[in-house]
Each structure stands twice: as C-alpha cells, then as structure tokens.
Amino acid sequence: MDSLVTAAARALRAGDPLGALKRVALRDDPPALALRGVAMAQLGELTQARRLLRRAARGFGPAEDLERARCLTAEAEVALAARDLGWPGKALDEARRTFTRRGDRENALHAGLMLIRRRLLMGEVDAAERLLSALDLRGGSHLSAANGALAAFEIAVRRGQTGPARAAPEIRIDGVLDHVGRVALEEGTQRRRQLIERKLDHMLEQEFAQHLQWLEERSQGKLAHGPFSGSSSKCRSRIFISAADEVGGE
C-alpha cells in the first residue's frame, strides 16, 4: 500500500477528513476512492460519499472480495444515516456473508446489526427481532454489544414494553470507554480520552432520551414516528474508521 493512501487512512482515523482528502482527492484507484468516500461521509456529504464508495466497490477485483464488502457496508451505513431505505438490503447481506466466510467476525456482526437497524426503520419489528435473536454477540467487541443492546431497546419501545425500555438507560458500556482510553493513552492523549468519553456519554443519553420521549407520546395516543426516523447530517459509525484502517493499512 502506497504512502499517500496509508497517510490518508491515518488522517481519517484521527478525525481529519480534510487532511485525508488532501492526500487522495485527485486519485481514482479503488483504495483512494474508498478513503475519499469515508472522508466525505465524515464531512456530512452523504450523497457524494455514497457515489465514491459505490465506485470503489466496483473497482475492486474478484480476488478483493473483502475490500468490496467493506465498501458495500460503508455505503449501506451512509444510506442509513441519510434515512434512505431504497438501497438493496441484499447487498449488505452479501457483504455480511463475505465477512463470515473470510473470518472477519466483527464486521460480520456490524453488518448484521445494520440489517436489524434497516428493518426497524422500515417498521418490520418482528423481522428485526428474529435477526437479533439469531445474532451471536458473544465474543464480539463492546461496541457491537452496545449496538445490540440499543437494538433490543428499540424493539422493546416499538412493542410498548415500558419495563425493558426504562431499564435500558442503566446499560453501561464501560468496555467501550476503556478501549477508547487505551488507544488515547497509547497515543499520549489523555485529554482526548476525556473529551471522547463525555461525547460518547452525551450521545447515548440523547439516544435513550429520544426513545423515552417517543414512548411517552405513544402512551398518550399521539401519532409519532419511530425513535430513529429523523434525519441525520453526519455518520458516526465505527465502520468508517474500520474501513479506513483496513483499506489504508499500516
């Protein structure tokens, strides 16, 4: 992997999409296109991000099925962030099978959780629950476990099960914060860890508060969309950082 692609991947991992674009903006090879797509997603330019990730996926050859699967998964992530449910779920399921076949269990779990999220956004709660019950999150990352808990929480909310819904804010994801802390300490950025912890806590509080508000409105007989039916201007997913690391290498 050439030095510019590697440097661009590191810039994305550090949260510097403009720095990444400075290195690969004029390149059209598949790895560079994938990194450009990730950078545009981080900047909130979702339409352009999807276009670039789609081009990258088409550019990878038959022997590069894992790279293609990562691009398909990242494109699906962008579509979900844009609340565009018109993209084919079969492509994401194909990527999930590729991850499983190639031993990339964490991305296979993430793709499975995204399929659940898509079903929930489409209002297919029974299908989402079946997918979640078939997903084995044991041994996965703390982040996958947290996303699985959020999916279970939303299913409970959609079914009007107030007990599980109100208990969900007590879910702790200290393992995620510990992982973030280890990375930050290795990079010598303790202050950055504290900022990330506060941001993550705030994000989860907002997610739970939004679910509970929707539950209250529903209990009062008001018509309301699902808790995650609003628009999103930015993608927060792990897959973008993961895709940048895996495409860019070290």
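Laboratory data are not the source of any read-out in this text; all were calculated from the coordinates shown. The structure displayed is predicted, hence computed values, not measured ones. Neighbour counts run over all protein chains shown; Cβ positions are idealised from the backbone, glycine included.
With (1) over 22 Å from ALA41 (Cα atoms); (2) touching a Lys or Arg at 6+ places or on another chain (Cβ under 8 Å); (3) part of a helix (DSSP H, G or I); (4) in contact (Cβ under 8 Å) with a residue 24 or more places away in the chain as the list, and LEU131 as the residue in question, which single condition is left unmet?
Going through the list (1) over 22 Å from ALA41 (Cα atoms); (2) touching a Lys or Arg at 6+ places or on another chain (Cβ under 8 Å); (3) part of a helix (DSSP H, G or I); (4) in contact (Cβ under 8 Å) with a residue 24 or more places away in the chain, LEU131 breaks only (4).
Sort out which residues of the stretch 60-92 are of a type in the set (D, E, K, R) and exposed (fewer than 15 other Cβ atoms within 10 Å of the Cβ), and write them in order of number. Walk me through it before giving the result.
So the first thing to find is which residues in the stretch 60-92 are of a type in the set (D, E, K, R), and the list is 64-65, 67-68, 70, 75, 77, 83-84, 90.
Those that are of a type in the set (D, E, K, R) and exposed (fewer than 15 other Cβ atoms within 10 Å of the Cβ): ARG83, ASP84, LYS90.
So, in the stretch 15-43, how many residues would count as being over 18 Å from ALA57 (Cβ atoms), of a type outside the set (D, E, K, R) and surrounded by 15 or more Cβ atoms within 10 Å (Cβ to Cβ)?
Step one: filter the stretch 15-43 for residues over 18 Å from ALA57 (Cβ atoms), giving 15-23, 25-26, 42-43.
If we keep only those that are of a type outside the set (D, E, K, R) as well, we get 15, 17-21, 25-26, 42-43.
Filter once more, so that each one left must be surrounded by 15 or more Cβ atoms within 10 Å (Cβ to Cβ): 17, 19-21, 42-43.
The qualifying residues number 6.
Name every residue in the stretch 6-19 that is assigned to a helix (DSSP H, G or I) and out of contact with any Lys or Arg (no Cβ under 8 Å at 6 or more places or on another chain), in order of residue number.
Let us first name the residues in the stretch 6-19 that are assigned to a helix (DSSP H, G or I), namely 6-13, 17-19.
Selection gives THR6, ALA9, ARG10, LEU12, ARG13, PRO17, LEU18, GLY19.
In the stretch 10-36, which residues are closer than 18 Å to GLU77 by Cα and hydrophobic (A, V, I, L, M, F, W, C)?
Within the stretch 10-36, LEU12, LEU33, ALA34, LEU35 qualify.
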